[in-house]
Amino acid sequence: MKTRITELLGIQYPIIQGGMAWVADYHLAVAVSEAGGLGIIGAGGAPAKFVQEQVRKAREMTDKPIGVNIMLMNPEADGIAEVAAREGVEVVTTGAGNPAKYAAMWKEAGIRVVPVVASVAMAKMMERAGADAIIAEGMESGGHIGSTTTMALVPQVVDAVKIPVIAAGGIADGRGLAASLMLGAEAVQIGTRFVVAAESMVHENYKKKILAAKDIDSEVTGLSHGHPVRQIRNQMTREYLKLEKEGAGFEQLEQMTLGALRKAVVDGDTVHGSLMAGQIAGLVNKEQSCKEIIEDIMRQGKALLGERN
Ligand code: TUI
């Protein structure tokens, strides 16, 4: 299945693994790239040195293209941006902000620049800043989100830019892939289904929560202070939402979530941790290898799209 994205990124299948903070380490990224998709190391809130080590380990394990995701709210984003340029990754994706100031440096290093956006205005701005492609991420996604759904966002972004678009948010199988291509996207980015992949190093407790989740089991915290985050409902989200309703300030709320994702991923704390996951978690009910996941999605997607692919 060839699209402008498979050509641009040098991958076999139009499937990109989300660059999830704490979750997407080199084990997961290498497994996805080796299976023909694009694996991405999620820098999250990590220091630049840690990201450099991750990239080097991935490089030792695969010759296939590898990406790094830079979460732009990370105070070390400048250092990580330089690591990406220096260490010869093929692709950089960015989230939670505007990466325009790094675009020239990355392009000079021959890196494909692919920002994640949650609005048409940001997509246009990124195209002008030199982005090679755009990931249009709907509010069905896990983690830090915008406010528009994938179904509404993707075709509007596709119409607004000339560069190819990758759909994200609420996609976990071949139906999601086929639907995304119908909306004009040329690849999909998948997060939640890869959190439970066999090669994903997240704590077993976190995986179990995603595998057991139903459609309505996620909650969005942080809407009141403009940093909405989707995660599976638990004691933490209940307390957080109660405090938000009572008008708690950003500082107090931030205190509750600091380190909460790490608690979920590393410690397996499903009570106080932030179990980030998308609304599609209800569809994700078995642990498989990245190869099985990608082959499953492609088989189903191709059958739906017919022989033209
Ligand atoms: O970045 C994400 N998802 C994330 S980042 C993350 S790490 C985290 N950890 C703890 C608390 C909060 C976050 C978890 N999930 N997705 C990409 C994304 N980017 N979605 C929305 C945006 C976005 C938002 C605003 C992109 C650009 C933007 O621009 C704002 C501006 O005007 O600069």
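The values are calculated or read from the model by the stated rules, or taken from the named source; none is laboratory data. Computed from a prediction, not measured in an experiment: that's the story for all the values here. Virtual Cβ from ideal backbone geometry, glycine too; neighbours counted across all protein chains shown. For the accessible areas, the whole protein counts, side chains as well, though only heavy atoms, and no ligand, DNA or RNA atoms are used. Shrake-Rupley method; radii C 1.70, N 1.55, O 1.52, S 1.80 Å.
Taking trypsin sites (Lys or Arg not before Pro) that fall in a DSSP loop and have at most 16 other Cβ atoms within 10 Å as cut points, what is the longest piece of the chain between them? Result, exposed sites excluded: 3-161.
Simple spin-label estimate for GLN12 and ARG59 gives 2.5 nm between the two label positions (7 Å along the Cα-to-Cβ direction from each Cα).
Probe radius 1.4 Å, ligands and nucleic acids ignored: give me the carbon and sulfur share of the accessible area of the stretch 45-145 as a rounded percent. That fraction is 54 percent. A Förster distance of 41 Å, applied to the separation of the beta-carbon atoms of GLU246 and GLU82, puts the FRET efficiency at 0.45.
Cross-link candidates for LYS107: which lysines have Cα within less than 23 Å, leaving aside residues fewer than 8 places away along the same chain? Cα-Cα hits under 23 Å: LYS49, LYS64, LYS124, LYS162. For the residues GLN235, GLN189, GLN288, a GNM of the chain with alpha-carbon springs under 10 Å puts the largest fluctuation on GLN235.
Here the dipole of the stretch 165-309 is about 280 debye; that uses its Cα centre as origin and unit charges on the Cβ of Lys and Arg (positive) and Asp and Glu (negative).
Go ahead and run the numbers for FRET between LYS49 and ARG175, Cβ-Cβ distance against an R0 of 35 Å, rounding to 0.05. Don't jump to the answer; show the numbers that get you there.
Values: r = 41 Å, r/R0 = 1.17.
Efficiency at R0 = 35 Å is approximately 0.30.
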